Each structure stands twice: as structure tokens, then as C-alpha cells.
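First comes the structure, then the notes that go with it.
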Amino acid sequence: MNTAPLLNTAPAVQPVEEGQPQDDARAFRRCLGQFATGIAIITTEFEGQPVGMAVNSFAAVSLDPALVLWSIRKESSSAAAFLGAQKYAVNILEEEQTEVSRIFGAGRADKFEQVRWASGVHGCPLISPAIGHFECALEHVADGGDHHILIGRVLRFSRFDGRPLLFTQGQYAVAQSHPSLLAPAAEQTPVPKQDSSEMPLLSLLKSTAQKLSGQFEEHREALGMTLATSRMLNALGDGISTLDGLERATYLGQTSTEDALNEMLANGYVTHADASGEYTLTASGRSKVEALRQRAMDFTLQKLKGLTAQEIATAKKVMDSLQAH
Ligand SMILES: Cc1cc2nc3c(=O)[nH]c(=O)nc-3n(C[C@H](O)[C@H](O)[C@H](O)COP(=O)(O)O)c2cc1C
């Protein structure tokens, strides 16, 4: 008998559905779907051809040794390739990649023509973008009923900036911080919304900046840039060239700044001089900065439509003064 105080004292809730898996397979699947997962594309190369499929059965198993697992339907047309290849790569999808999941979740022959990919160090296709890559050696295949369970030893991993695509209750989803993390419990009763005319000026500036940044997101996405890359390009465009300086200017933190720099080095947007430790924009990086700034300029002009030159000048003066003191 559990004697610990209950966290929730509401009366016990009746299940929406219940039973034994063999009686109602769909209801059983719906109950499994209550557990949220990410989505990965598992890839391999077999007989000279890239092979890949979408899965949500990927899971971490062990840190030392580094082991992961996923399971494949025994009847899958890709099963022979994954059992025969002895290696596989796990490509973890980011929140905007529902289409990639759909492509690799269907038995299409042209999957790899629809995505950007390159062979990894261990020969398996690595899809980009992705928020994580694990290159694995197949260590053990266990029988899992109508599935094979493929346990792999991780040989290499790469983590990229970005948020995961989730799958739960039979549909795609995105991750959001839990509301309880955003405000301490005591402050959770909603505070009446403040009229902008009553907001302290600094709060108004902050909420305006947040709103505009959200609205600009679609322009950034149209240029194919992540938030991290766009901040880095802006800072590099302003002449900031050291790792420390970039980290401070972008508020990205050390790991994400390094990740973004590595991605930009790989994309050919920056070069790194070992002797000075400085990062410099390449011609292609500079043209990205120009494209980003042009978009920002067009966006600003559109937002300021309807204001007089004098009103804009006054607003600028206020902001200059706030920055100066
Ligand atoms: C979100 C999602 C998750 C999936 N998870 C798995 C899985 O864990 N294991 C599996 O065998 N198939 C899974 N599938 C189905 C395969 O991706 C699908 O059957 C694919 O077409 C297999 O390729 P094939 O043509 O080689 O059989 C999933 C599909 C989707 C869309």
C-alpha cells in the first residue's frame, strides 16, 4: 500500500478505452500513441544503393558502451538491406521536416532524390538538415515479434541546432517548453493583459522586438536559414570575428555558436584562419548577409508604412538615447 501523499486528489478517471491487445489492435496502437517520440530516418547503403525509412521506434539504450536501438517490420522491403549491411545511420528530423518523414514513410523508390544527403565517414547516407546524426555498427539483432530489433553501437555522432519533429497520438507535433517552466507556480494566475499605452517603455520595446522577430521568421525561413545562422551571419557582417565575440553577440551559448560555425564552414559561408583564430565571411557568406539585410529592410519599410518621417526620427532618437545612457 502506497502511503506517500497523493499529488492529485481528484477522483480516479475512467479509461476512454481498455482491453487486451489481441482484441482490438487499433485501440492498442492508440494507447501506444500516448507515448510521444521523435522521428528518425534510418539509412544504410546496401549493394551500392542508399536505403532509408522513417521510424519512431528509435531509442537510446546505453551510454557506455554507446548503444541505440530501433525496430523494423520483418515484412518491410528494406529489412534484408538493414540486416545485411551491418551499419546504419540515424538521422533525427527537425520540426519542419514532416515532408521528409512522409517521403521516407512511404515505399517510394525515389526517396533519396527528394532530400540533400552525403555519405558519412562510415558509408551510410547522412541527410541534411537533421538535428542529429548517429553512425552505428549493427551489434545485435533481437527477435521482436513481427519486428526485428536492431541494436547498434554508435561510432560517431553530430548534433545540430534545431528543435525536434515529434510524433504522438498518431500525428506530427512540435516541442514547446512546459508552461510550468515559464513562470513560477505562485505567479500562474493570469495577470490582466496590459494596454500597450500603460506599459513601461522598456517592456513595450521588449515585447515589440519579440513580436517583430516572430513575424520576421517566415522571411528567414524563405532564405533557408535557421535562427542561429541568421544571427551569426549578422554578427559576422558587423565585423565580429572571434568565437567569444560571436557567442556574446548572438546570445546562442557556446555549443550552439560552435555548431552554427561548423555548419557555416561546411556550407562555405565562412573561413577560419587557424593562426589568428578568426572567422571571416566568404563571398557566398557575404551574399547571404546582403540577402538577409535586404529582406530585413523591406520588412522594416512595410512595418513603418503610415508613419511620418518625423515620427520615425523621434522613435530613433528615443532609442539612441536609451542605448547611450
Ligand atoms: C512516423 C512514422 C514512424 C514509423 N516507424 C516505423 C518503425 O519504427 N518501424 C518500421 O518498421 N516502420 C516504421 N514506419 C513505417 C516505414 O517508414 C514505412 O513502412 C516505410 O515505407 C518502410 O519502407 P519499405 O518500403 O522499405 O518497407 C514509420 C512510418 C512513419 C511515418
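Which ones in the stretch 307-323 are open to solvent by less than 80 Å² (accessible area, probe 1.4 Å) and among the small types (Gly, Ala, Ser)?
Taking the stretch 307-323 first, the residues open to solvent by less than 80 Å² (accessible area, probe 1.4 Å) are 308, 312-315, 318, 321-322.
If the condition is that a residue be open to solvent by less than 80 Å² (accessible area, probe 1.4 Å) and among the small types (Gly, Ala, Ser), then Ala313, Ala315, Ser321 are the ones that fit.
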Restricting the stretch 126-153 to residues that are within 13 Å of the ligand (Cβ to nearest atom) and farther than 18 Å from Gln86 by Cβ, the one surrounded by the most Cβ atoms within 10 Å (Cβ to Cβ) turns out to be His147
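On the basis of being open to solvent by 30 Å² or more (accessible area, probe 1.4 Å) and either within 30 Å of Ser128 (Cα to Cα) or touching a residue at least 40 places away in the same chain (Cβ under 8 Å) (or both), does Gln22 make the cut? Steps first, please.
Values: open to solvent by 30 Å² or more (accessible area, probe 1.4 Å): yes; either within 30 Å of Ser128 (Cα to Cα) or touching a residue at least 40 places away in the same chain (Cβ under 8 Å) (or both): no.
Answer is no for this residue.
Quick check on my filter: what residues within the stretch 98-135 are among the polar types (S, T, N, Q) and either in contact with a Pro (Cβ under 9 Å, 6 or more places away or on another chain) or touching a residue at least 40 places away in the same chain (Cβ under 8 Å) (or both)? Explain how you work it out, then say what you get.
Pass one, the stretch 98-135, residues among the polar types (S, T, N, Q): 98, 101, 114, 119, 128.
Scanning the stretch 98-135 gives Thr98, Ser101, Ser119.
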Filter result for the condition that a residue is within 13 Å of the ligand (Cβ to nearest atom) and without any contact (Cβ under 8 Å) to a residue 40 or more places away in the chain, over Leu7, Leu93, Leu32
Leu32
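Going by the structure shown, is Val55 more than 7 Å from the ligand (Cβ to nearest atom) and of a type in the set (Val, Ile, Thr)?
On the way: more than 7 Å from the ligand (Cβ to nearest atom): no; of a type in the set (Val, Ile, Thr): yes.
Here the answer is no, as Val55 does not meet what is asked.
Among the residues of the stretch 63-71, is there at least one that is more than 10 Å from the ligand (Cβ to nearest atom), in the same structural domain as Val141 (by TED's automatic domain parsing), in contact with a Phe, Trp or Tyr (Cβ under 7 Å, 6 or more places away or on another chain) and not aromatic (Phe, Trp, Tyr)?
Here is the first cut: in the stretch 63-71, the ones more than 10 Å from the ligand (Cβ to nearest atom) are 63-69.
Within this subset, residues satisfying the condition of being in the same structural domain as Val141 (by TED's automatic domain parsing) are 63-69.
Next, from what is left, pick out any that are in contact with a Phe, Trp or Tyr (Cβ under 7 Å, 6 or more places away or on another chain): 68.
From the residues that got through so far, the ones that are not aromatic (Phe, Trp, Tyr) too are 68.
Taking every residue of the stretch 63-71 in turn, at least one turns out to be more than 10 Å from the ligand (Cβ to nearest atom), in the same structural domain as Val141 (by TED's automatic domain parsing), in contact with a Phe, Trp or Tyr (Cβ under 7 Å, 6 or more places away or on another chain) and not aromatic (Phe, Trp, Tyr).
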Against the conditions (1) surrounded by 11 or more Cβ atoms within 10 Å (Cβ to Cβ); (2) assigned to a loop (DSSP other than H, G, I, E, B); (3) not aliphatic (A, V, I, L, M), where does Thr9 fall short? Just the number, please.
(1)
Close pairs from the stretch 75-87: first farther than 19 Å from Gly105 by Cβ and among the polar types (S, T, N, Q), partner more than 8 Å from the ligand (Cβ to nearest atom) and at pLDDT 95 or above, Cβ under 9 Å, at least 6 apart:
Gln86/Thr44; Gln86/Ala137; Gln86/Leu138
Selection from the stretch 201-245 of residues over 16 Å from the mean Cα position of the chain (by Cα), crowded, with 16+ Cβ neighbours inside 10 Å and outside any helix (DSSP H, G or I) yields Ile240, Ser241
Hey, Leu32 hits all of (1) more than 26 Å from the chain's Cα centre (by Cα); (2) not assigned by TED's automatic domain parsing to the domain that holds Ile149 but one; which does it fall short on?
(1)
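The values are calculated or read from the model by the stated rules, or taken from the named source; none is laboratory data. Computed from a predicted model, the values in this text were never measured in an experiment. Neighbour counts run over all protein chains shown; Cβ positions are idealised from the backbone, glycine included. SASA here: full protein model, heavy atoms, side chains in, ligands and nucleic acids out. Shrake-Rupley method; radii C 1.70, N 1.55, O 1.52, S 1.80 Å.
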